[in-house]
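Working notes for the structure below.
The values are calculated or read from the model by the stated rules, or taken from the named source; none is laboratory data. What you are looking at is a predicted structure, and each value in this text was computed from that prediction instead of being measured. All Cβ positions, even for glycine, are placed from backbone atoms using ideal geometry, and neighbour counts span all protein chains on display. Note: accessible area is taken over every heavy atom of the protein model, side chains too, but ligands, DNA and RNA are not part of it. Shrake-Rupley method; radii C 1.70, N 1.55, O 1.52, S 1.80 Å.
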Amino acid sequence: MLDLAIRDLEVRFPGLDQPVLAISELALPAGSQVALTGPSGSGKTTFINVVTGLEPASSGHVAWRGTDLEALSESRRDRWRAANVGLVMQDFHLFPGLSAIDNVLLPQRLARLRRLPALTEEARRLLTRVGILRHGQPVETMSRGQMQRVAVARALVARPGVIVADEPTASLDAEAGTAVADLLIELVSEAGATLIVASHDPRFVGRLGRVLRLDGGRLLH
Amino acid sequence: MFQFIAADLKRHWIGVAVIVLIVALATALGVAVTLQERALRLGSARAAEAFDLVVGAPGSDTQLVLSSVFLQAAPLPLMPGAVFADLSQDPRVAWAAPIGFGDFVDGDPIVGTTEALLKGLGGVTEGRGFASLGEAVVGALDARQIGDSFHPMHGTVGSQGEVHTGITYRVVGRMAPTGTPWDRAVLVPIQAVWMAHHHHHDDDEHENEADASAGADTGAPALNAAAADQPAERGFGEGSAPHAQDDDDHDDAPADLRAPIDEAAVTDPHAPGLPAILVKPQSFADAYKLRQAYRGDRTLAVFPGEVLTRLYGTLGDVRRILSWVAAGAQGLVAAAILLVVMVHVMQRRRQIGALRAFGAPRRAVFGIVWVEAFAIIGLGVVVGFGLGYAGARVASGVFTASSGISLPVTFLASDASSLVVLFVLTGLIAVIPAALAYRQSPASALRGG
Amino acid sequence: MLTNAVSRRRLLQGGLAGLVGLTLMPVRRAHAETSLTFDELYGKISVLGLTFSDKVKGLDGQPVAMKGFMAPPLKAESNFFVLTEIPMALCPFCSTDADWPDNIVVIYLDDARTFEQANALIEVEGRLEVGSWRDPETGFLSRLRIVDASFGAA
């Protein structure tokens with residue numbers, strides 16, 4: 001449940017005259033649900049990298065409830081992200097060889113941020129909620145839809161204030177995509193977290209409260 | 001974290017196994033060279049443990065030690081019989097024993113000696129020592145049993161040796177194990193060896209009779225001269241026993257062999273020549289004095305220890321060369337593995353980036369890659385120590401089977417520090433891929449990143 | 001070239017061929033040892049033979065340092081060696097000297113080891129022991145010993 005305030009943001013890459021992303025002002029209230037659309041190369045990935053602290057901006061401020069990511073060091077941004085952001089990615093990024101539950105818990109185990117028993121319970125609850133009943137099943141034996149549902153559970157397990165999803169349904173068939181989109185919106189709403197989904201998928205664009213359109217690195221209103 | 005590492009290693013187990021094997025082989029090479037050289041050194045040193053000072057006729061001291069301590073057959077010149085008489089009366093000598101070799105039975109060396117050597121080598125554990133001329137004591141590993149009889153041969157089987165038909169020994173005892181070639185030797189009274197050679201010459205080389213009796217008459221120097229005339233004759237016996245005049249041409253050896261051992265015959269200044277004498281000095285100073293006193297025109301005194309030490313110098317040089325070869329191999333392997341690991345890390349940059357994107361701190365990423373690299377290489381090192389040890393054991397076993405010298409393949413306390421140093425090096429090498437992973441941007445995990 | 005450093009390094013290379021052998025074991029240095037020479041070992045020659053000097057008698061049980069040469073080793077693997085005033089291998093006339101080698105000192109080390117012989121001056125440090133003692137392992141008698149010894153290049 002974090003609110004986002006962006007001011008005078010610019011991201012430039014070396015060798016390019018134009019900034020790949022330039023946003024003079026953007027405010028998202030806590031708990032808002034936003035779809036981010038735009039053609040390929042419009043700056044969607046850069047936007048996500050910057051608001052999650054994966055990548056620093058060239059200039060400007062990106063503040064989540066007063067915490068300016070641009071003022072933090074790289075390792076402090078990592079720590080902030082581990083505590084506040086749940087990520088869902090197009091390619092799932094589950095780790096083969098580990099079971100569903102271990103995958104859900106892995107980031108927290110590595111970051112050692114929370115006490116584990118409570119987390120384990122929450123992980124089981126979420127896995128059951130997303131329809132994965134065999135918690136010990138190795139992820140490499142799952143279908144793509146199941147994998148993305150495990151990834152959704154992983155993004156939510158630490159109760160982050162922000163969920164960011166990058167094309168979460170793009171590599172799934174229609175049926176699995178619908179299931180994942182439904183789950184994501186439902187669960188984030190239950191948790192009351194802020195949701196940003198970069199996607200062209202009408203199942204998101206139509207259902208989320210607000211749509212941000214990016215083109216050439218700038219927001220179209 | 002360890003769960004993740006275990007899953008990761010398990011998933012790439014073939015590659016892991018190959019790297020472990022390569023590291024293990026490279027390590028094993030160095031370990032085996034070290035252990036084998038040490039085993040040769042310690043094995044030969046321990047085989048010579050009971051031999052403080054060896055006295056022989058002037059010649060090669062290395063050959064004297066090889067023949068007397070390690071029982072390697074070679075023609076040795078003889079010393080005058082008076083040398084033993086002198087030594088046995090010397091106050092600086094605790095005890096002295098003749099070593100008379102040159103005869104064989106089924107390829108095992110027969111050594112003519114006295115009771116003193118039986119005691120000096122650890123004593124008789126089964127049966128008893130020899131009391132009469134026809135009795136023999138066998139080494140711990142000799143196949144012959146107490147009660148068995150055998151005929152000695154001059155020269156080894158296959159060479160132009162001939163059976164000494166006139167003489168038969170009966171086994172009456174077995175020696176304690178020594179871990180030396182003496183475990184396969186057969187020990188008989190030196191007087192019996194002298195007699196056998198006397199008979200041998202009587203029967204087959206009548207022209208020698210004149211020499212023999214002349215030797216007996218004029219004493220030891222003449223015996224030595226006779227030996228020098230025929231250097232090709234192995235070890236023994238151109239001389240004749242003092243009782244040469246008593247037993248004539250007729251072959252009534254069995255009667256003689258029942259006779260008790262005449263102790264005085266050995267210390268008689270007119271006794272036949274000997275190829276080697278083992279001397280136990282009283283004190284450290286006496287050891288060096290005796291060594292000095294018996295280095296001259298007539299005799300050569302040598303500590304087996306000094307000859308071996310000289311050989312170790314050469315052995316050490318060989319080991320150093322092999323060590324450099326091993327180090328080169330290990331360096332190449334280390335470089336190759338580093339390359340493989342780094343390529344692997346690069347290929348997995350998306351996965352590593354994802355770990356960080358999901359909130360794993362950089363130190364966790366560093367730790368994962370470091371522990372993985374350390375575990376793989378460290379396991380290789382440990383397996384390599386095992387392989388090297390096993391290899392050295394096998395090589396030592398083959399050597400022991402052929403030479404009788406047991407080679408102790410052992411790790412020393414200093415090896416532990418070597419292992420620690422290797423682990424530290426492994427840890428340092430593992431830092432390189434870990435640092436590479438540490439620098440990986442988390443953004444690369446995302447689409448297009 | 002017989003030095004402690006060399007022999008230790010060799011031992012360590014013996015420790016593990018190849019990459020290892022880079023570290024040196026810490027060389028033990030005794031403190032406050034009294035320097036002793038071969039000339040100072042014996043007092044006058046009495047009817048009973050050589051008698052120890054007052055200095056030697058006074059140093060019994062004390063840490064000492066002595067320079068000398070390693071005699072050809074009696075044993076290939078042992079925890080002792082014999083220190084002499086003159087290198088034995090380089091002394092063709094010594095055998096005619098009746099006294100020689102009476103003035104030897106037996107050096108006992110902590111561990112048994114093999115030696116690599118070289119004719120170089122070495123310095124031995126350890127605790128002096130005076131009086132006749134028979135080594136139970138070798139059966140050899142010695143009159144003067146330096147025990148718990150370490151040695152290195154002089």
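Taking amide H positions as placed in the peptide plane 1.01 Å from N, state which residues far from C:Ile146 in sequence (5 or more) or on other chains have amide H under 5 Å from it.
Those qualifying (amide H under 5 Å, at least 5 residues apart or on another chain) are C:Val106, C:Ile107, C:Tyr108, C:Glu129.
222 nm [θ] for chain A, helices only, -39500 (n - 2.57) per DSSP H run of 4+, per residue, to 500? Walk me through the numbers on the way to the answer.
On the way: 7 runs with 80 residues, N = 221.
It lands at -11000 deg cm²/dmol.
Could you give me the ³J(HN,Hα) list for the range B:358-367, computed from phi with Karplus coefficients 6.51, -1.76, 1.60 and θ = phi - 60°, whole Hz, x at Gly and Pro?
With coefficients 6.51, -1.76 and 1.60, one gets 7, x, 5, x, 4, 5, 5, 5, 4, x Hz.
Hey, what do the phi angles of the range A:50-61 turn into as Karplus ³J(HN,Hα) couplings, whole Hz, using 6.51/-1.76/1.60 and θ = phi - 60°, x for Gly and Pro?
Karplus-based 3J(HN,Hα) across the range A:50-61 equals 6, 6, 9, x, 6, 9, x, 7, 6, 7, x, 10 Hz.
Please give the FRET efficiency for B:Leu428 paired with A:Ser40, using the beta carbon to beta carbon distance and R0 = 41 Å, rounded to the nearest 0.05. If you can, show how the numbers build up before the last one.
Details: r = 45 Å, r/R0 = 1.09.
After rounding, the FRET efficiency stands at 0.40.
Under 5 Å between amide H atoms, partner at least 5 residues away or on a different chain: which partners does B:Ala276 have, H built in plane at 1.01 Å?
Residues meeting the amide H criterion: B:Ile99.
Have a look at the range B:400-446 and report residues whose accessible surface goes down by 30 Å² or more when the remaining protein chains are included, against the chain on its own, probe 1.4 Å, ligands and DNA/RNA excluded.
In the range B:400-446, residues shielded by partner chains: B:Ser414, B:Ser418, B:Val421, B:Leu422, B:Leu425, B:Pro442, B:Ala443, B:Leu446.
Return the subset of B:Lys289/C:Lys67; B:Lys280/C:Lys57; B:Lys119/C:Lys55; B:Lys119/C:Lys67 for which the Cα-Cα distance in this structure is over 32 Å, preserving the input order.
Numbers: B:Lys289/C:Lys67 21 Å; B:Lys280/C:Lys57 30 Å; B:Lys119/C:Lys55 42 Å; B:Lys119/C:Lys67 38 Å.
Beyond 32 Å between Cα atoms: B:Lys119/C:Lys55; B:Lys119/C:Lys67.
Residue-wise, which Karplus ³J(HN,Hα) couplings in Hz belong to the range A:196-207, taking 6.51 cos²θ - 1.76 cosθ + 1.60, θ = phi - 60°, and x for glycine or proline?
In residue order, the calculated couplings are 10, 10, 8, 6, 9, 5, x, 5, 8, 3, x, 9 Hz.
At 7 Å along Cα-to-Cβ for each site, give me the label-to-label distance between B:Trp13 and A:Arg76 in nm.
Using points 7 Å along Cα→Cβ, the separation is 4.6 nm.
Could you work out the mean count of beta carbons from other protein chains within 10 Å of each residue's beta carbon in A:85-95?
Working: counts 3, 2, 7, 0, 8, 3, 5, 1, 9, 1, 8.
Mean number of neighbouring Cβ atoms from other chains: 4.
Per residue of A:68-77, count partner chain C-beta atoms within 10 Å of its C-beta, then hand back the mean as an integer. List each step's numbers first, then the result.
Details: counts 0, 0, 0, 0, 0, 0, 4, 3, 0, 1.
That works out to 1 on average.
Which of the listed residues, A:Ala82, A:Ser32, A:Leu208, is farthest toward the dipole's positive end in chain A, when Lys, Arg count +1 and Asp, Glu count -1 at the beta-carbon?
Selected residue: A:Ala82.
Report, by chain and number, residues whose modeled amide H sits under 5 Å from the one on B:Trp95, excluding near sequence neighbours (fewer than 5 apart, same chain).
It is B:Lys280, by chain and number.
At a probe of 1.4 Å, how much accessible area disappears from chains B and A on forming the pair, both sides counted, to the nearest 100 Å²?
On the way: alone 20780 and 10380 Å², together 28640 Å².
Buried area (both sides, nearest 100 Å²): 2500 Å².
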